[in-house]
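Enquirer: The following block contains the structure, expressed as structure tokens.
The values are calculated or read from the model by the stated rules, or taken from the named source; none is laboratory data. Computed from a predicted structure; not experimentally measured. A quick note on method: Cβ atoms are made from the backbone with ideal geometry, for glycine too, and the neighbour counts reach across all protein chains shown.
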Amino acid sequence: MRSKTLLLSAALPALIAASAMPASAETLKTVASFTVLADVVKQVGGDHVTVTSLVGPNGDPHEFEPSPADAKHLKAAQVTFVSGEGLEGWMDRLITASGYKGTPVTVSEGIDTRTMEEDGKTVTDPHVWNSPVNVKIWVKNIEKALSDADPADAAAFKANAERYTRTLDELNSYAHAKFDAMPEDRRKVLTSHDAFGYFGREYKVSFLAPLGVSTETEASAADVAKLIEQIKTEHVKTYFFENSNDPRLVKQVAKATGAEPGGELYVESLSDAKGPAPTYEKMFRYNVDQITAAIAKSS
């Protein structure tokens, strides 16, 4: 009996200490609207989160049609992330259909957005992630949302966010080093739709496109004719198609202008795991390398 008492008295301090320690939270179930955002959420959340991307690899977030499985994922999510600025026009319908009770975190809040004219209206360009400077704001907003949902792992989220912010700074420096060495009047390319505005603003690259900010729009014959004339006048020599869009229109414009193919860019969607852009970091570096190589070749 005495030995049992001694064992209990020895174990008691350890039990008390363990009960005083903050319990490690369960892995947070999170949902992100598309693959680029899902990757950044995973970078910040690390092992403390699971991330489901509604739009899959090589998918178009403009024309996405949610499925019953997407509604199920959303309803089960503890935290949901969207980019915002009009990108996910389908999200409100999905929230209603799924019965999701939360409010999605809009990670683009605080970004210095750009506006543009489309169909006679002034619209906000939603493609903020094509500049890593903007993604740093995403990281701050993601870290705060995860820490609010899981205070026990806030220190881990903070460390991950700081590490990934350094990665984004390195990406920005990498792109500047590549583009700043090129004559500014040579930094002109043709793409499928107008999704590189923030990239162009940061690195002083001119992107021309037959479609506006959304792939859901249709280019009129007059718009295409005007673009062809502009490309000829400005001597744009390279065109790119995008992994998530139909390339036929941009190829038609290129044929009429003599622009040469520069390859494929990853604009609104990561590739699958076997492709060249399975993470945001690899996507951005790949796009920079593709664009600068094409410009150097055409020069």
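Enquirer: Mind listing whichever residues of region 84-133 are loosely packed, with under 13 Cβ neighbours inside 10 Å and within 18 Å of Tyr203 (Cα to Cα)?
Expert: The answer is Asp112, Thr115.
Enquirer: If we keep just the residues of region 38-94 that are among the hydrophobic types (A, V, I, L, M, F, W, C) and assigned to a loop (DSSP other than H, G, I, E, B), which is nearest to Asn134 (Cα to Cα)?
Expert: The extreme case among them is Leu87.
Enquirer: In region 164-203, which residue that is touching a Lys or Arg at 6+ places or on another chain (Cβ under 6 Å) and modelled with pLDDT of 95 or more is nearest to Asp289 (Cα to Cα)?
Expert: Leu168
Enquirer: Restrict the check to region 171-179 and report whether at least one residue is under 18 Å from Thr30 (Cβ atoms), buried (at least 18 other Cβ atoms within 10 Å of the Cβ) and over 18 Å from the mean Cα position of the chain (by Cα).
Expert: Scanning region 171-179 turns up no residue that is under 18 Å from Thr30 (Cβ atoms), buried (at least 18 other Cβ atoms within 10 Å of the Cβ) and over 18 Å from the mean Cα position of the chain (by Cα).
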